[in-house]
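Undergrad: Dumping the structure here so I can ask a few things about it.
The numbers here are math on the coordinates, done by the rules we state, and not lab data. In this text, all values refer to a predicted model and were calculated from it rather than measured experimentally. Here Cβ is always computed from backbone atoms with ideal geometry, including for glycine, and neighbour counts include all displayed protein chains.
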C-alpha cells in the first residue's frame, strides 16, 4: 500500500487541502509571471511604426479581387487574416473613396496610378462612385495614370478614368457588352418527376422561371433587354466621355472587333491603340521608369509610391465636428434574425439602427443598401426601425449601391429620401413563393405516401405529397396579399396611386436612371452626395464626421489582435511562420522597413561571402 492510502481520514483531508493551496499558489505566480512578461514586451515593443509619407509620392489605387461594400467574415476573422497577410481577395469601396478624397488635397501626393491587374469584379454603380471621386481628384490638377494587362469591361471602365491608359504589349482590352443568360430546368425536372408549384404576383417576376420553363419568357426577355440596353448605353457614354471619343465611333469599333483583330494579325495591343482605348503599350520596366520620371525615383529602380490602404494609416480623423452622419450597411440577402457580414439580418440591422438612434453624436443616418431582397417580414422589421429613427428626430436617407431590389426596395420605403446611382439595379416590386414536391420522383423508386389527417390541410405541405388545391389557394392568397401590401406601401411613400405603382411594378427590374424617370427614387447620385444631403437635413453644413455603424470586435478580440499585430511588427517576425500558412507577400509597411534595414547590412559585405534572404516581394 502507498503512503497516501495509509494516512488516516483527517490526514487525507488536511493534505488534500494543502495540495489545493499549493496548486492555487502556483497558478497565481504563473499568472503574475505572464503578466510581467506581457508588460515587459509592451514596454519594449508597443509603439506603432509607420513610414513617414514623403513628398512627390504616387498614390497607387490597386483594388484586389472583388470590390465590395463590406468584407465577408467577422472583424476578428479579418484581423487574423491581416496578421498573416492572408487577406481574402476583397477591396472595400469605401476605403478607395476615402483615400482618393484625402489624397486630393494632400500636397505630398502628386499623382495617382490606377492598377487594375488584380481586380476581379466590380459593379457598375460602384464604378460610377469611383468615377465621381477620381474626377473630383483631377480638379486638384494632379495627373492620373492607369495600367493593365488583360482588361475586361470592369477593369477597363476603371482604367478609362485616367488621363493616360497604358497597356502591356501582350495585353488585351475586351469589351463585348452586357448579357443575361441562365439555365432552364423544366425538362430536366420533368424527367426527375419533380412537381414545381410556383406562386407569384407580377408579370415580370421571373426569378423562378427556370424551374417551370425551358426558355426565357417574352415578358422577361422584354424587361431584361430594356434593362441591359440602358446599362450598356451608360457604359458607352461614360467610356466615350473618358476617352474623348464619339459614342457612335466607340460602339462601331466594338462591333467591328473581329475585323480589326484580323487586320492586325491577332495583335490585341495594336487593336486597343487603333480603337483609341489606350494611349501607349508599355512594359513594366518602362512603366516604372515613366512614373519615376513623372514623379520621383525611389532608389530601388521604381517610383516613390504608397498603396491606398497604407495611405489611410497616415490619416487621422478630426474629432472637433459638432455632429456625425451614421452609415448603416444592409448588404446581401435579407433574412430573419441575426446574420454575419454579407447577409442582411433583420435583428442585426435593427440593432445597428437602434445604436445609431441612441448615439447623441449621430445627427442623421444613411442606410446603404446593396441587396437583392429576401424575406418580406424581415424587410418590414428593418423598415419599422427606420421609422423609429425618424420619430426620434433623425433624418434617414437611403443610398442604393449596385443592387436594391425587391425586399431591398421595400426597406427603402422607410427613408426620408431615396437615392440611387444611374446603374443601380432596383425595383422588382413583386412576390413569389415556390414549393417543390417529389411524390412522383419517389414513386419511380417504388416509394409511396399514404395516411390520414383531421383536416384537408393536414400534411398538405409534405414534400412527398402532391400539393392540394386548398394548400395552393392558401399560398396564392398570401402571395397576392403581400403584393398588395408592397404596392400600397410604395404608393404611400412615393405619393403615387396604387394603379400607377402597379404599372411600374409587376416584379420588373429597372436601372437607377430608369427608376428615377418612374418616380421610384428621389435623386440620382453617389454615396457622398447622399451624405451631403443628410448633413443638410440635419443642419450640420460642412462640419460633420462620417461614422460607419457596424459590429466591431469585442474588447478581448481587439486586445488579442492589437497586441499581436504591434508585437509582430516591431519584432519583424513573419506571421506566416507562426501560423503555418503558405508563403505570401509581406505587408507593404513591413516590406519597406525590411528593405531599409537590409541595405546597410548588405553594404557592409563588399568582399566574398554568402548571404541569403527572401523578402517575397511582388513586382511593381
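Undergrad: Got the relative contact order for segment 185-294 handy, in percent, Cα pairs under 8 Å and 6 or more residues apart?
TA: 15 percent
Undergrad: Tell me the label-point distance for the pair residue 267, residue 294, using the 7 Å Cα-to-Cβ offset, in nm and rounded to one decimal.
TA: Once both label points are built, they end up 2.4 nm from each other.
Undergrad: Using the 10 angstrom Cβ neighbour count as an exposure proxy, how do 20, 238 rank, fewest first?
TA: Ascending Cβ contact count within 10 Å gives the list 20, 238.
Undergrad: Can you report the principal axis dimensions of segment 323-405 using only the alpha carbons, biggest first, rounded to whole angstrom?
TA: 32, 24, 19
Undergrad: Neighbour counts of other C-beta atoms within 10 Å: give me 350, 149 arranged from fewest to most.
TA: In increasing order of surrounding Cβ atoms, one gets 149, 350.
Undergrad: I'd like to compare 53-62, 25-34, 98-107, 475-484: which one has the highest average count of other Cβ atoms within 10 Å, and what's the full order after that?
TA: The densest-packed peptide leads the list: 53-62, 98-107, 475-484, 25-34.
Undergrad: Follow-up question, since we're still on this one. What is the Cα centroid distance between segment 252-313 and segment 399-476, reported in whole angstrom?
TA: 49 Å
Undergrad: Quick one: P(r) of segment 210-326 from all Cα-Cα pairs, 5 Å bins, percents rounded to integers, in order of increasing distance.
TA: Whole-percent P(r) values from 0 Å outward: 2, 8, 9, 9, 10, 11, 12, 12, 10, 7, 5, 3, 1.
Undergrad: Which of 12, 92 comes first, and how do the rest follow, when ranked by fewest Cβ neighbours within 10 Å?
TA: Least crowded to most crowded, the residues run 12, 92.
Undergrad: Here is a follow-up. Arrange the peptides 439-450, 457-468 so that the one whose residues have, on average, the most other Cβ atoms within 10 Å appears first.
TA: On the way: 439-450: 11.8, 457-468: 15.1.
The densest-packed peptide leads the list: 457-468, 439-450.
Undergrad: Moving on. What span do the alpha-carbon atoms of segment 173-231 cover on each of the three principal axes, reported in whole Å from largest to smallest?
TA: 45, 29, 13
Undergrad: Considering segment 324-548, what Rg and Dmax in Å follow from its alpha-carbon atoms?
TA: So, for segment 324-548, Rg and Dmax equal 20.8, 73 Å respectively.
Undergrad: Measuring from label point to label point, each 7 Å out along Cα→Cβ, what is the residue 484 to residue 34 span in nm?
TA: 6.4 nm
Undergrad: Continuing with the same structure: Let's test the formula: R0 of 22 Å, r as the Cβ-Cβ distance of residue 217 and residue 472. What FRET efficiency results, to the nearest 0.05?
TA: 0.60
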